[in-house]
Each structure stands twice: as structure tokens, then as C-alpha cells.
1. Condition first: more than 27 Å from B:ARG97 (Cα to Cα), among the aliphatic types (A, V, I, L, M) and facing chain B (nearest Cβ under 9 Å). Now tell me which residues in segment A:96-121 satisfy that.
2. Among A:ALA38, A:ALA73, A:ALA79, A:ALA59, which is part of a helix (DSSP H, G or I), under 38 Å from the mean Cα position of the chain (by Cα) and not charged (D, E, K, R)?
3. Would you confirm whether or not segment B:74-89 contains a residue that is over 22 Å from A:ALA69 (Cα atoms) and touching a residue at least 12 places away in the same chain (Cβ under 8 Å)?
4. For A:GLN93, indicate whether it is more than 7 Å from chain B (Cβ to nearest Cβ), in contact with a Gly (Cβ under 8 Å, 6 or more places away or on another chain) and not basic (Lys, Arg).
5. Check segment A:221-236 and report whether any residue there is touching a helix residue (DSSP H, G or I) at 6+ places or on another chain (Cβ under 7 Å), acidic (Asp, Glu) and within 25 Å of A:LYS322 (Cβ to Cβ).
6. Of the residues that sit in segment A:122-131 and are more than 7 Å from chain B (Cβ to nearest Cβ) and surrounded by 16 or more Cβ atoms within 10 Å (Cβ to Cβ), which one is nearest to B:ARG122 (Cα to Cα)?
7. Residue by residue through segment A:148-175, note down the ones that are over 13 Å from A:LYS204 (Cβ atoms) and not in a helix (DSSP H, G or I).
Amino acid sequence: MNLRTIAIAAVLASAACAHAQPKTPDMVSYEERRDSEAGEQIIEGYPDLAQAAQQHYAAALSAHEDGDAELAAHHTKMANMSWGTATARHEAQESALVQQQAESKRKETLDALASLNTQLQVERDAVSRLDRIATLEAKEGSFKARDDLASAMLAIKEAETVNAREYATSLMNEADELVDAAAVALEAGDNAAVSKKSAAAKKKALQAKSAAAPEYTKNGRQIELDRKRRKLFADAGDIRGGSASMTEGGVTITLHKLFGSGDATVDTDKHGELDALADLASKYEGYTLVIEGHTDNRGGSNRNISLSQARADAVVAHLSRKGVSPARMTATGRGAASPVANNKTKTGRAENRRIEIIFVEPRS
Amino acid sequence: MKTQLLTTVIAGGLLLGSLSVEAKPRNEQQRDELNQATVALKELTVRDAGNVVTTELGNAEAWLKEAESYAKKRRTRDEFRQALDRVNASLALMSARLDASDAQAVAQSASDELAEAEGNLRQSQMELQALTEKRASLEKAVTR
């Protein structure tokens, strides 16, 4: 007996009860909880407990109608307890989700904090150095020395713009030490030493900038690729009937039910999905496409591989007709080798019968 | 007369005997079920340090006593089974509520830790902003 049948039985019994004894507060309470908004989630998430509760409640209504108050009370209590158990499990699951999200967000926050603390230390050092220099009284003949020191500090600041603190750490540390030494010499009135140390510091800073620049450019490109990948992922979500996932080197779009059983011709009513995919491929031209056909585990291995290959080829042919260059695409039939769900269930097998279109981003 | 007395005594003895047999749980299975429920109830009582399921513990205890009492006498309806069903349903409910309460506490603690980390982050961001501004003004002063 499914939930719908039980619910109908309960409603019919409830209608019959309407002419007999009024319902007990426990019965009213059960009905309120069952018919609430959360009730739907309970039925969906915990069908066994919800079904047990409904069966008990149907029995309670029947006993109530027969005037057996004791039996009706027993079944109402059972119904309320089964429903309460399902509700508590639902709450536990919700809390687990909250915990998971909070932990993941906390990890991100701590990572951001660690990076921020490194920046803070750099700024503190710079401010402390500048503070010492700024407080020194300009003495006779010290102007050139001060200019030299300022020039060295400017070079350090420029090196920081290409993240030299991260990519050329030791050179930057040497430049910092030389600037510190120059500041000490300035305090001591040794202008010659200030100019010498400042020149050396400037040289180290320029070297650091040169060393860091290629790495900074490369990483900047990676940042751009990441940004583009996220955008592709968002756009892929608009393809009707498809599901998208982001991988390290690209985005995978999975489509189901493109073909009839045992057939390798794309269903006419699925052309729209492939057309949208072709538009996406044209929009993201830098990406190459790997089209993989997958089957469930029914049928022979060879047949599954050739069928999945024929289906992947059919997708490539369709995209090609829609203007995607064949040179960008590779078709592979993987048969039943890469299941994503349990082949023992009907739903699992349907999940496994799929076409995956992998957008592979250009190599850096 | 003696025979009648003896018959009465034997009949009385048989009656007492049957009562003493009936006074015990109907069978081993019932005893096992009662024992299991008793143990589970004790475990949940210990687990409920935070008084999350106090009412349910009271209900389950009362139903367990009912089940024990029904186990000792034969009745038309199977009250023993119903009482024990209520006990077991109540045990499942309490266990789920305690699990939910534990999960809620863990989630709350994770949320508190997140709030603390976010607070620290905000503080560091403000400090960085202040330092950046100070550095810019000092640089201006030094290179002037």
C-alpha cells in the first residue's frame, strides 16, 4: 500500500468520523503536523516512517469511528511518535548540513586570514621603516642620501606590484635588510653609507621584480582561466535537461535520454539541447571538446562500447553541423566502464546511460 | 468430606499453580523484549543529560511498566504487544531527538567558530586598511 492510498484511506475515515465523535487533541495535532509545509519534506525524505505514521493514523480513525477510544489513542500515539521520529531525523540532517557549510566557510575564512596576516606583516615592516626615516630631521647634506633611500623604497614598492614578496622572497628580504641598514646609516649621519646601501637595495628590488614578473603573469593567466571556467559553468547550467560540474581543467556537461533504446540517432525532440550546446561551444572557442558515450551494464561489453561510440559520434556530427569545428572535438565510446550510479536499480541504470561533453580548457 | 476437602485443596493448588505460571512473562521472547527495552531506556536516560526528552522518558517508563504488567496476565486484546510497540516507538523517537539535539549542538559550535573567524578577519582587514593608508602618507612624506 503506498502513501497515497493510505492518505486516501485516512481522509475517508476522517470524513466518516466527521459525523461521529469529535477528534481528540492528539489526532488534531497529528493532522496539523502532517499537513504542514514541513510535512511534504518528511514524506519525501522519510517515506517508511511517514507511511508507518499514516497507517497508524488510518487505524486510529477507524477505531475512533468504532468507539474504541483506547485503541484509537494507541494508534494516534504511534502515529505521532513515528512522525516525530521522522521530523527529528530531518532536523538532524538539516543541522548536519549547517555544520558542513559552516566548517567549509570557516576553512575559507581561515585561509583568507592567513594570507591577510602575511600582508599585514609586510605593511607593518614597511610602516615601521618609513616611520624611522620620516622622523629623522633633515640635516645639512643629507638630502641626496634621503632621495637615494626613497628611490630604493620606491623600487621595493614596485616589486611588490608583481607579488615579488611571494615569487622572489629572498631577494626582497635582502632589499629590506639593505634599506634598514641605510636607515640606520641615515640616523648616524653617514650619508655615503646611506647612498651605497640604498643603491644596493634598489638593485635587489629590481632583480626581484624581474624574477617575479613571469610567474605573476602566468598566475594572472590562471586566474583569468578560472574566471572563464566559472562563467562557462554558469552558462552550462542554462542548458535544458543537462547537468554541469566543474573539474580542475574544465567543465563537464552531462545529458541523458538523447537516444532511444539501442539507437544511435539523436531523438528529434533533443535537438534543442544539442543546439544550445553548439552555441556554448561557439561562445567558448578556446576550449576543446571531448564527447564521451556511456551505457549501463546490461548487454555485452563489445556491444555497449560500439553503441556508446556511435552515440558520441552522432553528437559530434550534430555539433559539427551546427558550426563547431570537428578539429576541436574527440568522440569516445566508454561502454559501461565508468558508471556514476548503481546499475542494480532502474534509476541508477538511467543515470549511467548518458553523454558527457567535457569542455577542456587550453593548457597554460 | 475428606475427599471433598482434598479435591478443593488440589483444585486450589492447581489454580495457584496456574496463577504462579501466569505470573511470569508469557514466554522467553516477551522477557527478552522487555529486557532489551529496559536496557535501551536506561541508556537513553543516561544520554539525556540535557533533559531533551524528559517527557518521553516518563511515557516510555510508564508504558514499559504497562507491558510488564500485561506480560503477567492473559487478556483478550494483545495489550502487551501494543504497550511494547509504544515503548519501542518512544525509544526510537527519543534516540532521534537526542541525535538531532547533538547535531544541533555541533552545528551551533561550528557556526560560533565561523563567527569568531569572520570577526578576526574583519579586524585584520581594518588593520590592513589603516596600515596601508599610513604607509601611503609616510611614503609621501619621505619622498617629498
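1. Within segment A:96-121, A:LEU110, A:ALA112, A:LEU113, A:LEU116, A:LEU120 qualify.
2. A:ALA38
3. Step one: of segment B:74-89, the residues over 22 Å from A:ALA69 (Cα atoms) are none.
Scanning segment B:74-89, I find no residue that is over 22 Å from A:ALA69 (Cα atoms) and touching a residue at least 12 places away in the same chain (Cβ under 8 Å), so the answer is no.
4. Details: more than 7 Å from chain B (Cβ to nearest Cβ): yes; in contact with a Gly (Cβ under 8 Å, 6 or more places away or on another chain): yes; not basic (Lys, Arg): yes.
Considered against the rule, which asks whether it is more than 7 Å from chain B (Cβ to nearest Cβ), in contact with a Gly (Cβ under 8 Å, 6 or more places away or on another chain) and not basic (Lys, Arg), A:GLN93 comes out as yes.
5. Yes, some residue in segment A:221-236 is touching a helix residue (DSSP H, G or I) at 6+ places or on another chain (Cβ under 7 Å), acidic (Asp, Glu) and within 25 Å of A:LYS322 (Cβ to Cβ).
6. A:VAL122
7. Correct list: A:THR161, A:VAL162, A:ASN163.
Each row is one residue, and each column tells you yes or no for (1) farther than 28 Å from A:TYR30 by Cα; (2) touching a helix residue (DSSP H, G or I) at 6+ places or on another chain (Cβ under 7 Å).
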residue: A:ALA58; (1), (2): no, yes
residue: A:GLU70; (1), (2): no, no
residue: A:GLY84; (1), (2): no, yes
residue: A:THR87; (1), (2): no, yes
residue: A:THR109; (1), (2): yes, yes
residue: A:SER115; (1), (2): yes, no
residue: A:SER142; (1), (2): yes, yes
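The values are calculated or read from the model by the stated rules, or taken from the named source; none is laboratory data. Quantities reported herein were computed from a predicted structural model and do not represent experimental measurements. Don't worry about glycine lacking a Cβ; one is built from the backbone with ideal geometry, like all the others, and counts go over all protein chains shown.
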